[in-house]
Amino acid sequence: MADTLNLAIADARSLLNETSSGGSVSDHELAKWGNEGQNRLALAIQAADSNFFEESDQSLGFIADQEEYDLPSVCRNRVITKMTRTDLAERQPIEKIPFQQRDGYARGGPYASGDGEGRYYYLRGNKLGLSPKPRTTVSANILIHYIQLPHDLMYGLLGTDAANVTTTTFKIPSSTTSADSLYIKAGRLSTAPNYYVNARIRILTGTNGRGIERKITAWNVATQFATIDTAWTVADVHTQDFVILSPLRDEYKSAMFHYMVMMAGLKKKNAELMAMGKSEWDRVYEDLLETAKLRALDGNEHVLPPADFDMG
């Protein structure tokens, strides 16, 4: 598959003998099928290697006599895999306990091991609880590991209204109508809290904007504004096309593309296209599973093809 969603859709349209816009298959449908393929691949990778999509954050620290803390935004609504205390001579794992048993792990409780502060943690929604409560304040000493699965792909226009883009924020559109000042050309907007945190955006057009990439660090559902990690020049990106990128390797993007073609062939009732897309999807998907098995046997941390493994 091409590197970005817009190019993949263009390639699919050419293969399907569809016009650049309109036709029997819409860009939004192609984006939907591409995202379905990405999600299926991500679940297979996750099943083979539970740490493949793991990220970490170390912005939270102890506050004296405080038990509960808001999870950092990058960790909210994510699966937390482990926590570590980093301010000691040797890093110390913070053990997870059930929320209902938290009092038993408080200082002097029946399950507590020693009298150490913050030896255990529990989760309550997007709240993190530490037990026993810290006695001291220590800045940024909690390393949190969490799972960040791929975001749905989309591409669109940043808009003609200057208020939609600042040096550190931009508005992700919800409209799919081209007459609007900003709109989604393919894909859909998610309204899940913190959904776009950690997603990467690339600017697709513009003399000075093309190729600029930024990481989203915050997402305000109410205003639809995303905050980026590094400032950009508004004039470079204003009115330009953008895309949300996939973190998957190029080998797997090929499977996503052919899943798109397979589903389009099904809708068009074109048995030849459907069979071609299915054949390539199955091949790359099976290669992925075989690669995962090989790497698991080697005891490696991530699902990566061995140097001599032929992806075809």
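The values are calculated or read from the model by the stated rules, or taken from the named source; none is laboratory data. This is a predicted model, so every value here is computed, not measured. We place every Cβ from the backbone using ideal geometry, glycine too, and count neighbours over all the protein chains shown.
Residues in the range 171-213 that are over 12 Å from residue 240 (Cα atoms) and polar (S, T, N, Q): 174, 175, 176, 177, 178, 190, 191, 194, 198. Only one of the listed residues (126, 164) is in the same structural domain as residue 61 (by TED's automatic domain parsing) and of a type in the set (S, T, N, Q). That residue is 126.
Annotation note: Cβ proximity below 7 Å between a residue of the range 202-213 that is assigned by TED's automatic domain parsing to the domain that holds residue 245 and a residue that is assigned to a loop (DSSP other than H, G, I, E, B) and of a type in the set (D, E, K, R) (sequence gap 6+ or interchain) occurs for 203/210; 204/210.
Just one of the listed residues (180, 161) is closer than 24 Å to residue 32 by Cβ and more than 15 Å from the chain's Cα centre (by Cα), and it is 180. Within the range 146-155, is even one residue over 23 Å from the mean Cα position of the chain (by Cα) and hydroxyl-bearing (Ser, Thr, Tyr)? There is no residue in the range 146-155 that is over 23 Å from the mean Cα position of the chain (by Cα) and hydroxyl-bearing (Ser, Thr, Tyr). Looking only at residues in the range 234-257 that are aliphatic (A, V, I, L, M) and farther than 23 Å from residue 35 by Cα, the one that is surrounded by the fewest Cβ atoms within 10 Å (Cβ to Cβ) is 235. Taking the conditions exactly as written (among the charged types (D, E, K, R), farther than 30 Å from residue 186 by Cα and modelled with pLDDT of 90 or more), does residue 32 satisfy them or not? In short, no.
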